[in-house]
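A short write-up of the structure that comes next.
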Amino acid sequence: TITQPQAPLTLTNTQTNILCFGTSTGSINLTPAGGTPSYSYLWSNNATTQNLINLPVGTYTVVVTDANGCTANASVTITQPQSGLTVSTTQTNVSCFGNSTGAINATPSGGYAPYTYSWSNGATTQNLTAIPSGSYTVTVLDANGCTATATAIITQPAAALAATTTQVMIACFGGNTGNVNMTPTGGTAPYTYVWTGGSTAQSAIGVPAGTYSVTVTDANGCTTTVAATITQPQAP
């Protein structure tokens with residue numbers, strides 16, 4: 001009587017593909033059946049274990065040999081997302097010192113949607129609006145649990161827009177020799193000026209007695225208003 005194993009040597013496998021691009025989280029669980037135990041294993045990456053863990057993307061083949069020298073082959077391909085999860089930002093800086101008009105738009109790509117967001121200021125929206133100057137970091141999480149981070153710095157002018165005046169008073173009653181010299185500081189140059197009466201010069205020169213106000217506007221549209229009074233001697 002010639003005998004043989006009850007079933008041929010066969011192989012089945014289950015695999016875990018890589019969730020986050022560029023990592024080594026793949027695995028292969030191999031299950032031999034039939035033939036004659038015990039079994040030995042030789043993988044294409046030279047591993048001799050039954051199963052493989054911590055694998056990068058790639059194709060892995062295995063030759064399984066049973067106690068009688070019979071063999072069976074299997075090939076498994078570990079895949080990963082087509083591209084890694086990344087996030088980029090565009091920003092709008094604060095125009096007027098001390099305001100909260102900044103904004104940051106976050107744009108994720110790669111990985112697997114949907115995405116969730118966690119900002120360093122506690123926000124969970126994709127974008128930030130109405131924020132003051134400062135540094136903001138966003139962490140993006142994709143559907144596979146992969147993460148990417150980006151940081152944006154919202155800037156503002158170095159100082160608030162302000163204006164100071166110096167006056168030259170009228171020496172003789174009824175004269176038009178008054179001057180209001182105005183000096184803007186802070187904000188963002190260049191500046192524009194609108195005086196009482198409609199003048200757009202920086203200073204008011206050769207004016208009679210009275211109170212004069214000027215509104216200064218900087219390049220970002222920030223404004224400040226100051227007033228100065230020109231006096232004269234009493235009537236003779």
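A few comments on the model shown:
- If the condition is being hydrophobic (A, V, I, L, M, F, W, C) and free of Cβ contacts under 8 Å to residues at least 24 places away in the same chain, then segment 111-134 contributes Trp119, Ala123.
- Qualifying residue in segment 135-142 (condition: touching a residue at least 12 places away in the same chain (Cβ under 8 Å), surrounded by 18 or more Cβ atoms within 10 Å (Cβ to Cβ) and over 16 Å from the mean Cα position of the chain (by Cα)): no
- Filtering segment 11-43 to residues that are open to solvent by 70 Å² or more (accessible area, probe 1.4 Å) and either more than 30 Å from Ser83 (Cα to Cα) or in a loop (DSSP other than H, G, I, E, B) (or both) leaves Leu19, Phe21, Thr25, Thr31, Pro37, Ser38, Leu42.
- Within segment 111-127, the set of residues being at pLDDT 95 or above and either assigned to a strand (DSSP E or B) or under 21 Å from Ala143 (Cβ atoms) (or both) comprises Pro114, Tyr115, Thr116, Tyr117, Ser118, Trp119, Ala123, Thr124, Thr125, Gln126, Asn127.
- Failed criterion for Thr229 (all others in (1) assigned to a strand (DSSP E or B); (2) of a type outside the set (Asp, Glu); (3) under 46 Å from the mean Cα position of the chain (by Cα) hold): (3)
- Flag if Leu85 is closer than 30 Å to Ala152 by Cβ and surrounded by 13 or more Cβ atoms within 10 Å (Cβ to Cβ): yes
- Boolean, Ala189 is open to solvent by 40 Å² or more (accessible area, probe 1.4 Å), in a loop (DSSP other than H, G, I, E, B) and either under 12 Å from Ala163 (Cα atoms) or in contact with a strand residue (DSSP E or B) (Cβ under 9 Å, 6 or more places away or on another chain) (or both): no
- Test result for Pro108, outside any loop (DSSP other than H, G, I, E, B) and either in contact (Cβ under 8 Å) with a residue 60 or more places away in the chain or on the phi < 0 side of the Ramachandran plot (or both): yes
- Residue match in segment 215-224 (condition: farther than 23 Å from Thr101 by Cα and buried (at least 17 other Cβ atoms within 10 Å of the Cβ)): no
- Long-range neighbours under 8 Å by Cβ, at least six apart or interchain, first residue farther than 20 Å from Ala47 by Cβ and touching a residue at least 60 places away in the same chain (Cβ under 8 Å) within segment 17-37, second in a loop (DSSP other than H, G, I, E, B) and open to solvent by 60 Å² or more (accessible area, probe 1.4 Å): Leu19/Thr25; Phe21/Gln82
Condition check ((1) in a strand (DSSP E or B); (2) buried (at least 16 other Cβ atoms within 10 Å of the Cβ); (3) out of contact with any Pro (no Cβ under 6 Å at 6 or more places or on another chain)) across all residues:
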| residue | (1), (2), (3) |
| --- | --- |
| Thr90 | yes, no, yes |
| Gly98 | no, no, yes |
| Thr129 | yes, no, yes |
| Ala150 | yes, yes, yes |
| Ala158 | no, no, yes |
| Ala163 | yes, yes, no |
| Asn179 | yes, yes, yes |
| Gly197 | no, no, yes |
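The values are calculated or read from the model by the stated rules, or taken from the named source; none is laboratory data. Quantities reported herein were computed from a predicted structural model and do not represent experimental measurements. Positions of Cβ are generated from backbone atoms using ideal geometry, with glycine treated the same way; all protein chains shown enter the neighbour counts. The accessibility values were calculated without ligands, DNA or RNA, using every heavy atom of the protein model including side chains. Shrake-Rupley method; radii C 1.70, N 1.55, O 1.52, S 1.80 Å.
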